[in-house]
1. Explain nothing, just compute: Karplus ³J(HN,Hα) = 6.51 cos²θ - 1.76 cosθ + 1.60, θ = phi - 60°, for every residue of region 143-153 in order, whole Hz, x for Gly and Pro.
2. How much of the accessible area of region 1-158, probe 1.4 Å, is carbon plus sulfur, in whole percent?
3. Beyond 24 Å, how much of the Cα-Cα pair distribution for the chain remains, as a whole percent?
4. Kindly work out what percent of the DSSP beta bridges joining two residues of the chain are antiparallel, to the nearest 5.
5. So which DSSP H runs in the chain come out at 20 Å plus along the axis (Cα) with average Kyte-Doolittle of at least -1.0?
6. Just name one of LEU193, GLY151, LEU58: the one whose Cα is farthest towards the positive end of the charge dipole of the chain (beta-carbon charges, Lys/Arg +1, Asp/Glu -1).
7. Ranked from highest to lowest mean number of other Cβ atoms within 10 Å per residue, what is the order of the peptides 120-126, 200-206?
8. Separation of region 85-140 and region 1-67 by C-alpha centroid, Å?
Amino acid sequence: MSPSPRRVTPLADATVLLVGAGGLGCPAGRVLARSGVGRLVVSDDDQVEGTNLHRQVLFRETDLGQPKAEVAAARLRELGAEAGHAVSTEARLQRFLPETAAALLDGVDLVVEGSDNFPSKFVVADACMLAGVPVVQAGAVRWGGWALAAGARRGPSHDLCLRCVFEEVPTGDALTCELAGVVGPVVGVLGALQAKLALGLLNGEAPGTLMHYEGRRDRLRETHPVPRAECPHAREAIDDLAAVRYVGETNEAPLGR
Ligand SMILES: [Zn+2]
């Protein structure tokens, strides 16, 4: 079977939703704004904190206590203008949850997901697949991480997605950035990789790339895993986000952080 033609979205016409304006979303957003993505929507319900300033590179000390989504949206607009691009931005002071997903994805061409816990990553992965929106996801813990360019085609020949890579929401001892911490430059690398993968998808590149980064030895590896035949999106087994359990038996991480 020949692959279906990929849609090319001119950058100036593209709307990208950044889920989370943290250590991944800040560097990814910078590159996308400077590259001339026409519209950037930032969803985050947190405030700027002093302990994160080294890796959340859109914020200044004078922003402490301000809503991250609002500060990021204003800064991304400036960054685009500094490079000669009229980037329109929008702040959404809310988390990406099953009940907010549809409104946040309305009119969006691509999602860049940079939350710090697995339940949120799975909500975004499923919502994007159901809405037909490609998503670039990433995660980083301590010295390493990964970035995935996931497509949005469901069914037997579905595109590689987060559920192909992780199968289930990791629970119990699974490390998260929130619990284990992360080395600042490592998330910077992965956020930049997310921007690179996002620009590729908007330019019509095929999804399905999974990057691995190991920061202690500076190793970067690109893989193209085969989508799992047993993935729920291959079987179209997920139709309703509200019916899916996203927080595991022993994982008490709050959804959406
Ligand atoms: Zn899958």
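1. For region 143-153, the Karplus-derived couplings read 9, x, x, 9, 9, 10, 9, 9, x, 10, 9 Hz, x marking Gly and Pro.
2. 50 percent
3. Within the chain, distances greater than 24 Å cover 42 percent of Cα pairs.
4. Antiparallel bridges: around 50 percent, rounded to the nearest 5.
5. Result, helices passing both filters: 68-82, 184-202.
6. Working it through, the farthest residue towards the positive pole turns out to be LEU193.
7. Ranking the peptides 120-126, 200-206 by packing returns 120-126, 200-206.
8. 11 Å
The values are calculated or read from the model by the stated rules, or taken from the named source; none is laboratory data. Treat the numbers as computed from the prediction; the structure is a model and nothing was measured. Every residue, glycine as well, gets a Cβ built from its backbone with ideal geometry; the counts of neighbours run over all protein chains shown. When the accessible area is computed, the model is the full protein with side chains, heavy atoms only, and any ligands, DNA or RNA have been set aside. Shrake-Rupley method; radii C 1.70, N 1.55, O 1.52, S 1.80 Å.
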